[in-house]
Amino acid sequence: MSELIRSCSPQSPADVVAESAAVSPQQVRDLAGRARLAQVEWHRQGAAGRASALRAAADRLRDRADPITDLVVREVGKPVTEARAEVGRAAAILDYYAQACFAATGDLLAPSLPASQPGLLYTERRPRGVAGLVTPWNFPLAIPLWKAAPALATGNAVLLKPSPEAIACGAEVERLFDGLLPAGLLHVVPGGAETGRAVVEAADVVSFTGSAAVGAEVSVAAARAGLPAQAEMGGQNAAVVLPDADLASTAALLANAAMGYAGQKCTATRRIVVVGDPARFTEALVAAVAALRFGAPAEPGVAVGPVINATARSRVLDAVEAARASGGRVLTGGHGGDGLFVAPVLVDRVDPAHPVAREETFGPLVTIFGVPDLASAVKLVNGVRYGLVTSVHGGDVGMLLDAVRGIDTGLIRVNAPTTGVDFHAPFGGEKASSHGPREQGTAALDFYTSTRTVTFAAPPPPAPAPSRPVEEVA
Ligand code: NAD
């Protein structure tokens, strides 16, 4: 009997949103076989056929924006404003990759053939086959689509394993493409780790987003099978506040970046490093966090809802206790509310070497540090194993540029929150945050294709006809 997967609403865990039997490894292999056959026809459809399917999926998503927004709120507890924004962004991602179907698929180079033998030297990017996509629950539309759309645009088939916490949203992704693709080209396969492993084994190219521990396992499995793979994982993202940053506006921006959606974004701010005396900024931040609306995610204006499940809630509360036990001072929050709600937590006086400061707690928990100068801030920012995103706040261009030069993260955002992703730009981190090539933008078109180089020499010119012997001349 296969395992039963069930997603429940975080704001009211008795509300079962969806149930499904986990797709078994054998079923995954069978579906991969069907997808591999369908891929040949899909690639043959050419750019115009693929673009029109992606555009139609975008239109369908926009037509169904209201019910799908409600589903995102219900299934993963995302505040409604953010859920609506995610739906809009997911449609824009489909539009972007619909257009990208027409991008050049290679380069023409100068051949080094002898002048007597003309020809062409060119590269050609070809689909890899079946893209195996494994995704988390926190962006249940945008992440599956920022992987599936470029994979499809470049002519691949797709096997998508959504998170067990987001199987209803995963099924919505499948429905977006109903009737638009060759039969068997795209399959959404609900399941847990066993199904995820089977997807990785059955694929020709692997894209994973999730925790660092699982990402490391996926990367090793893909490397063993000789597959191209990318893994986008967690972060322990810092925001650096320079002495000339505006206190109130920076505090409001960082409160949102840290606590919005209960801190359940890979790009959420988790450490705040204040250059100079942190007292005034800390006071402004406590006030800004208190001003965020905390409550039912379906209510307009709520910024902080519940965490995803009981394990996530215990992780946050345990981290608060560990911080307190090590001498940390809890400035606000730190207690559980009803159900899966956890009041946003700000902590200071934590040793930067303590695991609470160094490891990702995927929830509304932030540690604050004061440092004497920018060099110390950069050292603290870089002193963790992650390297996803950092934000820097202030007006002194020299200091801002020094910070950008010194910080070792894949994304740096100056006077902008750590959260927020531009789907047309390369996205990814350094160190334990990321493995393999970047995703999104045109980087994704490269990732889902393999480049071959063609040397095309024209046949040599025919040998000149021999001159007729003299005696034959009349
Ligand atoms: P997770 O690692 O627990 O699960 C991610 C996916 O992997 C799920 O679909 C899960 O079922 C599957 N899985 C679990 N074990 C597997 C295995 N052994 N082989 C193959 N698949 C397996 O992560 P999560 O709890 O869903 O998401 C939260 C994490 O994701 C956080 O660490 C967060 O930082 C990270 N995240 C990163 C990004 C990014 O782009 N860097 C974006 C969103 C979330």
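The values are calculated or read from the model by the stated rules, or taken from the named source; none is laboratory data. Quick caveat, the model's predicted, so the values are computed rather than measured. Counting neighbours? That spans all protein chains shown, and the Cβs are built from the backbone with ideal geometry, glycine included. Note: areas computed on protein heavy atoms with side chains; ligands, DNA, RNA excluded. Shrake-Rupley method; radii C 1.70, N 1.55, O 1.52, S 1.80 Å.
Residues considered: VAL347, VAL404. Of these, the only one that is under 23 Å from GLY260 (Cα atoms) and either of a type outside the set (Gly, Ala, Ser) or open to solvent by 10 Å² or more (accessible area, probe 1.4 Å) (or both) is VAL347. Residues considered: GLU283, GLU321. Of these, the only one that is under 27 Å from HIS393 (Cβ atoms), surrounded by fewer than 20 Cβ atoms within 10 Å (Cβ to Cβ) and among the charged types (D, E, K, R) is GLU283. Reported count of residues in the stretch 244-291, each being among the hydroxyl-bearing types (Ser, Thr, Tyr) and within 16 Å of the ligand (Cβ to nearest atom), is 3.
With respect to VAL330, determine if the residue is over 22 Å from ALA403 (Cβ atoms), open to solvent by 10 Å² or more (accessible area, probe 1.4 Å) and assigned by TED's automatic domain parsing to the domain that holds ALA252. Yes, satisfied. For the stretch 178-211, a residue qualifies if it is in a helix (DSSP H, G or I), near the ligand (Cβ under 10 Å from one of its atoms) and aliphatic (A, V, I, L, M), and the qualifying residues are ALA193, ALA198, VAL199, VAL200.
Checked against the criterion of being in contact with a Leu (Cβ under 8 Å, 6 or more places away or on another chain) and among the basic types (Lys, Arg), the candidates ARG197, ARG125 yield just one match: ARG125. Answer yes or no as to whether THR419 is touching a residue at least 40 places away in the same chain (Cβ under 8 Å) and assigned by TED's automatic domain parsing to the domain that holds VAL220. When the stated conditions are applied, THR419 does not pass them. Residues in the stretch 135-149 that are over 22 Å from CYS8 (Cβ atoms), within 15 Å of the ligand (Cβ to nearest atom) and out of contact with any Asp or Glu (no Cβ under 8 Å at 6 or more places or on another chain): LEU145, ALA148.
Note on the stretch 105-119: residues that are at pLDDT below 95 and out of contact with any Leu (no Cβ under 6 Å at 6 or more places or on another chain) amount to 8. Of all residues in the stretch 147-160, those satisfying the criterion of being in contact (Cβ under 8 Å) with a residue 40 or more places away in the chain and open to solvent by less than 10 Å² (accessible area, probe 1.4 Å) are LYS147, ALA149, PRO150, ALA151, LEU152, ALA153, GLY155, ASN156, ALA157, VAL158, LEU159. In the set VAL130, VAL76, only one residue is outside the structural domain of GLY263 (by TED's automatic domain parsing), in contact (Cβ under 8 Å) with a residue 24 or more places away in the chain and out of contact with any Phe, Trp or Tyr (no Cβ under 9 Å at 6 or more places or on another chain); that residue is VAL130. The single condition among (1) in contact with a strand residue (DSSP E or B) (Cβ under 7 Å, 6 or more places away or on another chain); (2) crowded, with 19+ Cβ neighbours inside 10 Å; (3) of a type in the set (Asp, Glu) that GLU174 does not meet is (2). Quick one: would you say ALA322 is more than 16 Å from the ligand (Cβ to nearest atom) and either farther than 28 Å from ALA375 by Cα or of a type in the set (Val, Ile, Thr) (or both)? In short, yes.
When the stretch 212-232 is filtered for residues that are part of a helix (DSSP H, G or I) and open to solvent by 10 Å² or more (accessible area, probe 1.4 Å), the ones remaining, listed by number, are ALA212, ALA213, VAL214, ALA216, GLU217, VAL218, SER219, VAL220, ALA221, ALA223, ARG224.
Number of residues in the stretch 294-313 that are more than 16 Å from the ligand (Cβ to nearest atom), open to solvent by 30 Å² or more (accessible area, probe 1.4 Å) and in contact with a strand residue (DSSP E or B) (Cβ under 7 Å, 6 or more places away or on another chain) equals 1. Against the list (1) among the charged types (D, E, K, R); (2) in contact (Cβ under 8 Å) with a residue 12 or more places away in the chain; (3) out of contact with any strand residue (DSSP E or B) (no Cβ under 9 Å at 6 or more places or on another chain), the condition ASP277 fails is (3).
Can you find even one residue in the stretch 21-33 that is in contact with a His (Cβ under 8 Å, 6 or more places away or on another chain), surrounded by 19 or more Cβ atoms within 10 Å (Cβ to Cβ) and not in a loop (DSSP other than H, G, I, E, B)? Checking the stretch 21-33: at least one residue is in contact with a His (Cβ under 8 Å, 6 or more places away or on another chain), surrounded by 19 or more Cβ atoms within 10 Å (Cβ to Cβ) and not in a loop (DSSP other than H, G, I, E, B).
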